[in-house]
Amino acid sequence: MAIKGLRNFRYVKLTKDTKDELEYDTKIKQLVGAQSIKISPKTNSAELYGDDQLLETVTALGAIEVEIDVAELKLEERADLLGYKIENGVLVENKDATATEIAFGFEAPKSKSDNEQEAFRMVWLTKGKAEPLEEEGKTGEDKIELQTQKVKFKFMPRINDGVYKLTADTDLTGAPTQEEFFKQEFLKSCKKTTVVKSN
């Protein structure tokens, strides 16, 4: 079924990513007011020609560029994502600040027929950083126009396992539920947590 909406932007800090260890923070945070998202993987290609024809092509993944539009990004959220500080109620943006590595998730409702249950497309981007924000203002006119906030990120594969994106549809047999998918345990292992019941 087709995608028909977008909701529930969320992020969680990536605290460790090495060949041997992978850890995320215990708290997943919400960004209120999801408007749009665009995910643009960049690739580098090399081609080998011989005998007047293409013999082989190799494509390597580069950065995954992501742009979101959100109703509002609070100063506390800007500081959290970009490594800035809030001092006496003022957001202080410093050139030496280091953006926080995060995983970013969202869900999108899917269209359904009358006899089908509601289904969702669920996505995690596993490792990335926000870029300094562009800001744009516009004077008020006769027609009311609400202004939103665009945020750009660059995502990449994890060092630990090479995974850069997880996608699941709740209407696919064996797929995780929304509750299962948006947990740190699933984000780390890419598997549903098995609950062992005691007798």
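General remarks:
- Scope the range 17-45; condition part of a loop (DSSP other than H, G, I, E, B) and open to solvent by 80 Å² or more (accessible area, probe 1.4 Å); matching residues: LYS19, ASP20, GLU21, THR26, LYS27, VAL32
- Qualifying residues in the range 1-11 (those that are part of a strand (DSSP E or B), open to solvent by 40 Å² or more (accessible area, probe 1.4 Å) and not polar (S, T, N, Q)) - the one nearest to GLU185 (Cα to Cα): ARG7
- Restricting the range 57-73 to residues that are charged (D, E, K, R) and either modelled with pLDDT of 95 or more or not in a loop (DSSP other than H, G, I, E, B) (or both), the residue that is farthest from LEU31 (Cα to Cα) is GLU65.
- Taken over the range 25-56, residues that are over 29 Å from ILE3 (Cα atoms) and at pLDDT 95 or above amount to 1.
- Identity of the residue in the range 147-180, β-branched (Val, Ile, Thr) and over 19 Å from LEU73 (Cα atoms), that ends up surrounded by the fewest Cβ atoms within 10 Å (Cβ to Cβ): THR173
- Only listed residue being touching a residue at least 60 places away in the same chain (Cβ under 8 Å) and not in a loop (DSSP other than H, G, I, E, B), chosen from LEU48, LEU14: LEU14
- Count of residues meeting criterion [part of a loop (DSSP other than H, G, I, E, B), open to solvent by less than 70 Å² (accessible area, probe 1.4 Å) and of a type in the set (S, T, N, Q)] in the range 86-134: 3
- Selection within the range 181-194 - open to solvent by 80 Å² or more (accessible area, probe 1.4 Å) and either assigned to a loop (DSSP other than H, G, I, E, B) or touching a Gly at 6+ places or on another chain (Cβ under 9 Å) (or both): LYS183, LYS191, LYS192, THR193, THR194
- Against the numbered list (1) open to solvent by 30 Å² or more (accessible area, probe 1.4 Å); (2) acidic (Asp, Glu); (3) within 16 Å of the chain's Cα centre (by Cα), ASP51 comes up short only at (3).
- Checking the range 87-109 against the condition returns no match, with no residue being touching a strand residue (DSSP E or B) at 6+ places or on another chain (Cβ under 6 Å) and of a type in the set (Lys, Arg).
- GLY162, sole failed condition from (1) at pLDDT 85 or above; (2) over 26 Å from LEU61 (Cα atoms); (3) of a type outside the set (A, V, I, L, M, F, W, C); (4) assigned to a loop (DSSP other than H, G, I, E, B): (2)
- Here is the figure for the range 69-85: residues that are hydrophobic (A, V, I, L, M, F, W, C), open to solvent by 20 Å² or more (accessible area, probe 1.4 Å) and touching a residue at least 60 places away in the same chain (Cβ under 8 Å) total 1.
- Residues in the range 77-117 that are of a type in the set (Val, Ile, Thr) and under 24 Å from THR15 (Cβ atoms): ILE86, VAL92, THR98, THR100, ILE102.
The values are calculated or read from the model by the stated rules, or taken from the named source; none is laboratory data. Computed from a predicted structure; not experimentally measured. Positions of Cβ are generated from backbone atoms using ideal geometry, with glycine treated the same way; all protein chains shown enter the neighbour counts. Side chains included, ligands, DNA and RNA excluded: accessible areas come from the protein's heavy atoms. Shrake-Rupley method; radii C 1.70, N 1.55, O 1.52, S 1.80 Å.
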